[in-house]
Structures are given as C-alpha cells and as structure tokens.
Amino acid sequence: MGRAIPHTSSRATVLDVIRAAGTISRAGLASATGLTAATISNVVRGLLADELVTEVGRAESTGGKPRVLLRLVPSSRYAVGVHLDAGGTTYALTDLTGAVVSRMAHVGTREEDPEEVPARMVRQVDALVDGAGVDRERLLGIGLVTAAGVPAPVSLSAQDLERATGLSVVTGDDATASALGEYWSGEAGGASVLAAVHMGATIGAGVLVDGIPYRGAHGNAGDLGHVCLDVDGPECRCGARGCLEAIAGPEAIVAAARADERTAGAAGLVGRERSSVVGGFTAVVRAARSGDPTARALVDRSARYTAVAVRTLVGIVDPDLVVLTGVGQAVAGETYLPAVRRELGTAFAGRGGDPVRVRLSTFADTAPAIGAAAMVLRSRLTPLRTPGLRLPDDLSESGPVPVP
C-alpha cells in the first residue's frame, strides 16, 4: 500500500489517479493513494453523485468477487485554453480527460491593435464553446498562456477576461503549459521528469517533476532561449550576449533571411516586413524545403544550436523524456528532432542509465492551448500530487466486462 498524500484533498487525489489510470477499481485507488477504503468509498460516492466518475464494468476475476471499475466522465466538465503569441492566438476546448473537443486559430500581425484583442478573444471563446454545443454550466474556466518574458497586450488582463466571459481565468507561460498538455493527455508515457522544449516566436522549456511543474524561485525556470552559447555573440533583448534566441531563434532566422536578397525573395518575405515572427519563420522553412541553400543553412544552424542548448538543459535537470513542441516545431520538427537526438546521443554516450527519449509532440501547433486548458482542470479539480509520490507506471486494471 502507498503512503498517504499530504497537502492535497482526497477528492483531488482520487480524481488525478483515475485520470492517470483510465480505469481503476476502488481497491486499486486505495493501493495507489494510501487512503483508507472508507475514505475512498466516501470520495467515490461524491464523484458519482457529481457525475464526474462512472462505473464502467468489472475487472476480470482473480478468484474473488470481480472489482467494479471506475473512469472519468469526459463530458462532465470542460475547459478552454488560449495561447496568445506574437503569431496569433490559438484556442482549444477540452473535456475532463484533456481530450480536445474543438480548436481554432487566429493569425495575428504586428499591425493588430492591442485594444481589440480582449473583445476578439471573448467572441472567439464564445464561438468555440457554442460551436461545440457545450453547456456553459459545465465549463470550468479559461487558461491563458503567453511566452515567458513576452508581455501580453497592455489592455489584456485575467481580470478583464473574467469580467467579459463570466469565467474564472488562470494564467501561465506557454512552455510549461505545453509540458502539462503532454502529461495530462497521457502522451508523456510515464516520464518522471519531462522537459518540453517549446518554439513559437521565442524558445522556452517547461519542466515537470513527477507531474508537477518546476518553476524555480521566481518562475523563470526553463528559459532555454537565454542559454548562452557564445559569450562574444550578438546582443540579446535580455541584455546578455550570445543567447540561443539571439543567435538562432526564430526572429534571428527571419532577420538573416531578410538580409539575403535571394533568400528573402524565395521565402516571400519581400514587402512583408510587418508579418509575425512565426509567419516569417514558417516562410523560411518552406524556402529551405524548396531548395534555397541559404534558407536551408539557416534552419540547419538553428537546429544545431538548439540541440546544444537542449544538451545543457538535459545535463542540468536529467529528464527521461524531451518533447519538441510549439508551432515552430510543427513546421520544422523534421530538422530539429534528428539534430537533438544526434547531440544527446553523442554527448551522453557511455553514461550510465537509459538514454534520454526525444520525440516530436503529436499536437505541436496547439500544445500550449491544450496545456492551458489542462491548467484549468488541474487548478479546479485535481491539484497535482506531492513531489516524490510515484504512482505505478500502469495503473489500469484488466477488463471491463459488462456489469449485470
């Protein structure tokens, strides 16, 4: 039997374990959480009454009476995630399990009036929810995430959004949200330490330890874009020199492409000086794929520098899984993924332990928005468990078979 879990409610603990397991019995819950059978029974009774959980059948008998299996009711609660980036705004509506019900994207430009953003977001959240036919009474709230260190439009605040929508709003950074999205959706594959490397208009990383975000003393942990790769390199907007973003981030790639007349023409950047960083980066990647040598060299160089920065991150936090995510990886992951794998395979060859797994997110372009919705579910229903508590890799129990 596991130990009791401090600092979090029994209800939240049980919900989190059911979510992670998929299906599990009351006895399985007691074993996984360390809570007493009586406590589990009372909590489950309340969850059934609130229609958050349902009985779905019985596990295969191992000699005694077959155990009744429980699982979440996906349609019992919903959350909206909003990712506000320099390239635009992405929205995701998820159910209680974190599965995406509906999504939409608004492509922004540098010419968009910041004063118009809040009203536009409210309209699009309403359209997303109403279009999916979701009862607003089942909507828990909105998660709003932006790139760390990059301010949202001055007129936008969580309070403004709460007043306009009548929904509670939680905020965070897009890299951590991406990591939460991977974890909540089950894509993390049981990783104890997960690092999500996010590339949008900027580069960042979100780190989860046993499912709990590691943010650092001031909330700045995972600022991968400002890892120094050249002490005499170009000046970065952060005030330092030689940061990854200043050398090989999306904005640096676009600037270098614009400086080359042939590449700027091949990428369609001429006359598009006001386009977003993400849009420009996507254009350079497309030019690289079409055979422009300078564009190809710029993207390859960015991938190599990013891989070195990821190596630094891996050396510090020692993750067992690295996920590349964000709209930048959605368009260029085929270049960055092998570069990161090569770098880690070479740098950590001969060290003890299993190799670090590296993969591309299956929902890279909408990962921050999905994670933002997961932030709402986490904050309202299932505060993540205490660090150090390790649930079994496979909580699910066999079955189900129909209940008579």
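The values are calculated or read from the model by the stated rules, or taken from the named source; none is laboratory data. Worth saying up front: this structure is predicted, and the values here are computed from it rather than measured. Reconstructed Cβ throughout: ideal geometry from the backbone, glycine too, with neighbour counts over all protein chains shown. In case anyone asks, the SASA skips ligands and DNA or RNA and just uses the protein heavy atoms, side chains included. Shrake-Rupley method; radii C 1.70, N 1.55, O 1.52, S 1.80 Å.
Taken over segment 1-11, the criterion of being of a type outside the set (A, V, I, L, M), modelled with pLDDT under 50 and out of contact with any helix residue (DSSP H, G or I) (no Cβ under 7 Å at 6 or more places or on another chain) is satisfied by Arg3, Pro6, His7, Thr8. Looking at segment 196-204, is at least one residue buried (at least 24 other Cβ atoms within 10 Å of the Cβ) and over 22 Å from Ala330 (Cβ atoms)? Taking every residue of segment 196-204 in turn, none turns out to be buried (at least 24 other Cβ atoms within 10 Å of the Cβ) and over 22 Å from Ala330 (Cβ atoms). From the list Glu343, Glu251, the one residue that fits, being open to solvent by 70 Å² or more (accessible area, probe 1.4 Å) and not hydrophobic (A, V, I, L, M, F, W, C), is Glu251. Being within 25 Å of Val358 (Cβ to Cβ) and part of a strand (DSSP E or B) is the filter here, so list the residues in segment 238-251 that pass it. Cys243 - this is the single residue of segment 238-251 that is within 25 Å of Val358 (Cβ to Cβ) and part of a strand (DSSP E or B). Residues in segment 263-308 that are among the polar types (S, T, N, Q) and open to solvent by less than 60 Å² (accessible area, probe 1.4 Å) were compared, and the one that is modelled with the lowest pLDDT is Ser275.
When restricted to residues that are charged (D, E, K, R) and in contact with a strand residue (DSSP E or B) (Cβ under 7 Å, 6 or more places away or on another chain), segment 270-318 contains 1. Determine whether segment 38-53 contains at least one residue that is within 30 Å of Ala201 (Cβ to Cβ), at pLDDT below 95 and part of a loop (DSSP other than H, G, I, E, B). There is no residue in segment 38-53 that is within 30 Å of Ala201 (Cβ to Cβ), at pLDDT below 95 and part of a loop (DSSP other than H, G, I, E, B).
Just one of the listed residues (Val14, Val101) is under 18 Å from Arg380 (Cα atoms) and either open to solvent by less than 20 Å² (accessible area, probe 1.4 Å) or at pLDDT 90 or above (or both), and it is Val14.
Before we move on, is Glu55 of a type in the set (Asp, Glu) and either surrounded by 16 or more Cβ atoms within 10 Å (Cβ to Cβ) or farther than 14 Å from Leu96 by Cβ (or both)? Yes: the conditions hold for Glu55. Would you be able to say whether some residue in segment 225-236 is crowded, with 24+ Cβ neighbours inside 10 Å and closer than 24 Å to Arg77 by Cβ? No, there is no match, as no residue in segment 225-236 is crowded, with 24+ Cβ neighbours inside 10 Å and closer than 24 Å to Arg77 by Cβ. Take the residues in segment 157-188 that are without any contact (Cβ under 8 Å) to a residue 40 or more places away in the chain and in a helix (DSSP H, G or I), then tell me which one is farthest from Asp318 (Cα to Cα). Only one residue tops the list, namely Arg163.
Taking residues in segment 212-238 that are under 30 Å from Ala374 (Cβ atoms), and partners anywhere that are exposed (fewer than 13 other Cβ atoms within 10 Å of the Cβ), the pairs with Cβ atoms closer than 7 Å and at least 6 places apart or on different chains are Ile212/Pro387. If the condition is being within 18 Å of Arg378 (Cα to Cα) and either among the acidic types (Asp, Glu) or in contact with a Gly (Cβ under 6 Å, 6 or more places away or on another chain) (or both), then segment 197-219 contributes Gly206, Val207, Asp210.
For segment 223-241, does any single residue satisfy the condition of being among the charged types (D, E, K, R), under 17 Å from Val322 (Cβ atoms) and out of contact with any His (no Cβ under 7 Å at 6 or more places or on another chain)? Yes, that holds for at least one residue. Taking the conditions (1) of a type in the set (S, T, N, Q); (2) modelled with pLDDT under 90; (3) open to solvent by less than 20 Å² (accessible area, probe 1.4 Å) in turn, Asn220 satisfies each one other than (3). Here the condition is being of a type in the set (Lys, Arg), modelled with pLDDT of 50 or more, open to solvent by 20 Å² or more (accessible area, probe 1.4 Å) and within 30 Å of Ser10 (Cα to Cα); of Arg357, Arg380, it holds for Arg380 alone. Taken over segment 122-161, the criterion of being modelled with pLDDT of 85 or more, among the small types (Gly, Ala, Ser) and open to solvent by 20 Å² or more (accessible area, probe 1.4 Å) is satisfied by Ala127, Gly131, Ala132, Gly133.
For segment 235-250, the set of residues classified as within 18 Å of Ala330 (Cα to Cα) and touching a Phe, Trp or Tyr at 6+ places or on another chain (Cβ under 8 Å) consists of Ala248, Pro250, listed by residue number.
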